[in-house]
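Enquirer: Structure incoming, see below.
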Amino acid sequence: MATCVANDRAAWLTGPRTTCSHPPSAPTRVWRLVLLGPPGVGKGTQASLLVNRIGACHLSTGDVFRAAKSMKACDLSPAMRQALEYMKRGDLVPDSTVLSMLQERAGCLRCSGGFLLDGFPRTVAQADALEKLLDENQVKLDAVLNYDLPIDQIVARLSGRRTCTSCKAVYHVPNNPPKVEGVCDTCHGKIIQREDDKPEIVRNRMEIYNRSTAPLIDFYEKRKLLVTVSADGSPEKVMNATWQQLTHLASDPQD
Ligand code: AMP
């Protein structure tokens, strides 16, 4: 079974036949987390900060689809080609496609280093399927971190968000621009505005979030897994609030 504690996301991003390159190790506390929240709330940024602390892989379904976008059309399955059309419009990719992708990569969910799911589940059907898959693998979620932010702040964040096409570092114009316009500070990759961060697509994504994903708040509240964190403030401030909530959970005995 693939095990990985160094955020080696190759297996998740490139497909079921790729295995993790990092050997297993024994982290002091294994975390299995889901990040929830509307588009633009800063889940991706929090995920990057969190994985540095917890040593688990950051598994983002959106990243898998974006990775597929840069592949040649002839290398993509018909389902994946269709998925990219949904993504371009800001619509959700059909549950069946997302779930078969998850099934293929179920090894990542069994990883002894834990995991951090970002962008999945997105619908109640996906949450049901995840619950079933985790039960089958005798794996339990520790928490679902629900990031909360007023809508006007979300719109401001999304319209200024810029992303590195190589390392996925996130910038913001004008709050946190790269040192050289269009060039990533970290890897010198090209910085772009994601197609789905454009205003008309953002409106569609927000509607879809309210209709399809917001019901998951109730779903996980009922299972006593929901931990709500205010996403207002700098990434470091939000990270500290997140960590405070997680350490509070960790002080309760694990069952
Ligand atoms: P994200 O980066 O998580 O905002 O995802 C970008 C896009 O990928 C979304 O707008 C959807 O089109 C697609 N996507 C990512 N994750 C899922 C999912 N779990 N279910 C359906 N569509 C998804």
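The values are calculated or read from the model by the stated rules, or taken from the named source; none is laboratory data. Quick caveat, the model's predicted, so the values are computed rather than measured. Neighbour counts are summed over all protein chains in view; Cβ atoms, including those assigned to glycine, are modelled from backbone coordinates with ideal geometry.
Enquirer: Please verify whether the stretch 33-49 includes one or more residues that are β-branched (Val, Ile, Thr), part of a strand (DSSP E or B) and modelled with pLDDT of 85 or more.
Expert: Yes: one or more hits.
Enquirer: With the checklist (1) in contact with a Ser or Thr (Cβ under 8 Å, 6 or more places away or on another chain); (2) more than 30 Å from Ser100 (Cα to Cα); (3) away from the ligand (no atom under 16 Å from the Cβ) in hand, flag the one item Asp148 doesn't pass.
Expert: Against the list (1) in contact with a Ser or Thr (Cβ under 8 Å, 6 or more places away or on another chain); (2) more than 30 Å from Ser100 (Cα to Cα); (3) away from the ligand (no atom under 16 Å from the Cβ), Asp148 comes up short only on (2).
Enquirer: For Lys140, all conditions in the list (1) surrounded by 15 or more Cβ atoms within 10 Å (Cβ to Cβ); (2) closer than 26 Å to Met239 by Cα hold save one; what is the number of the exception?
Expert: The number of the failed condition is (1).
Enquirer: From (1) more than 13 Å from the ligand (Cβ to nearest atom); (2) closer than 27 Å to Arg211 by Cα; (3) of a type in the set (S, T, N, Q), pick out the condition that doesn't hold for Ser77.
Expert: Among (1) more than 13 Å from the ligand (Cβ to nearest atom); (2) closer than 27 Å to Arg211 by Cα; (3) of a type in the set (S, T, N, Q), Ser77 violates only (2).
Enquirer: Are any of the residues in the stretch 211-228 touching a Ser or Thr at 6+ places or on another chain (Cβ under 6 Å), of a type in the set (A, V, I, L, M, F, W, C), touching a residue at least 24 places away in the same chain (Cβ under 8 Å) and assigned by TED's automatic domain parsing to the domain that holds Thr123?
Expert: No, because not a single residue in the stretch 211-228 is touching a Ser or Thr at 6+ places or on another chain (Cβ under 6 Å), of a type in the set (A, V, I, L, M, F, W, C), touching a residue at least 24 places away in the same chain (Cβ under 8 Å) and assigned by TED's automatic domain parsing to the domain that holds Thr123.
Enquirer: Right, another one. Go through the stretch 78-131 and give me each residue that's aromatic (Phe, Trp, Tyr) and assigned to a helix (DSSP H, G or I). If you could, list the steps in order and put the result at the bottom.
Expert: Taking the stretch 78-131 as the starting set, the residues that turn out to be aromatic (Phe, Trp, Tyr) are 86, 115, 120.
Within the stretch 78-131, just Tyr86 meets the criteria.
Enquirer: For the stretch 71-115, enumerate the residues that are among the hydroxyl-bearing types (Ser, Thr, Tyr) and either surrounded by 20 or more Cβ atoms within 10 Å (Cβ to Cβ) or without any contact (Cβ under 8 Å) to a residue 60 or more places away in the chain (or both). Steps first, please.
Expert: First, the residues of the stretch 71-115 that are among the hydroxyl-bearing types (Ser, Thr, Tyr): 77, 86, 96-97, 100, 112.
Of everything in the stretch 71-115, those that are among the hydroxyl-bearing types (Ser, Thr, Tyr) and either surrounded by 20 or more Cβ atoms within 10 Å (Cβ to Cβ) or without any contact (Cβ under 8 Å) to a residue 60 or more places away in the chain (or both) turn out to be Ser77, Tyr86, Ser96, Thr97, Ser100.
Enquirer: Still on this structure, please answer the following. Going by the conditions given, is Val173 of a type in the set (A, V, I, L, M), surrounded by fewer than 13 Cβ atoms within 10 Å (Cβ to Cβ) and more than 24 Å from Val64 (Cβ to Cβ)?
Expert: Details: of a type in the set (A, V, I, L, M): yes; surrounded by fewer than 13 Cβ atoms within 10 Å (Cβ to Cβ): no; more than 24 Å from Val64 (Cβ to Cβ): yes.
The answer is no for Val173.
Enquirer: A further question follows. Test each condition in (1) within 24 Å of Ala231 (Cα to Cα); (2) surrounded by 16 or more Cβ atoms within 10 Å (Cβ to Cβ) for Asp152 and report the one that comes out false.
Expert: Here Asp152 meets the rest and fails (2).
Enquirer: Give the residues of the stretch 85-108 that are of a type in the set (Ser, Thr, Tyr) and under 19 Å from Ala73 (Cβ atoms), sorted by residue number.
Expert: Across the stretch 85-108, the qualifying residues are Tyr86, Thr97.
Enquirer: Considering the stretch 214-247 alone, what residues qualify as being of a type in the set (Val, Ile, Thr) and out of contact with any helix residue (DSSP H, G or I) (no Cβ under 7 Å at 6 or more places or on another chain)?
Expert: Ile217, Thr228, Thr247
Enquirer: Of the conditions (1) modelled with pLDDT of 95 or more; (2) exposed (fewer than 15 other Cβ atoms within 10 Å of the Cβ), Phe219 fails just one. Which one is it?
Expert: It fails just one condition, (2).
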